[in-house]
1. Within the chain, which DSSP H helices have Cα atoms that stretch 20 Å or more along the helix axis and a mean Kyte-Doolittle hydropathy of at least 0.0?
2. Quote the relative contact order of the stretch 3-66 in percent (integer), defining contacts as alpha-carbon pairs under 8 Å separated by 6+ residues.
3. Taking the Cα atoms of the chain, what is the range of coordinates along each of the three principal axes, in descending order and whole Å?
Amino acid sequence: MAKGNSQLIAIVLLVVGIALLIWGSNLYGAFGNTFTRAIDGSTDTKTIVVLASGAVCTLLGLVKLGGR
């Protein structure tokens, strides 16, 4: 794969990862999720998946950018 394409993929992964982390943090602080955590101490599965996906995408993007 060409160097330019690899760098573009890394930037896209980084942007998508950051967007997912922001969305996940918004989901985590949402009223329904906060209420559920207060009642039974659990977090919604969707929130965990979005946060984990955001972390993985962000890390992959950073590693790919750093490994030029």
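1. 3-28, 45-66
2. Details: 64 pairs, mean separation 35.6, N = 64.
Rounded, it is 56 percent for the stretch 3-66.
3. 52, 15, 14
Bear in mind that the values in this text are calculations on the coordinates, not laboratory data. A quick note: this is a predicted structure, and the numbers were derived from the prediction, not measured.
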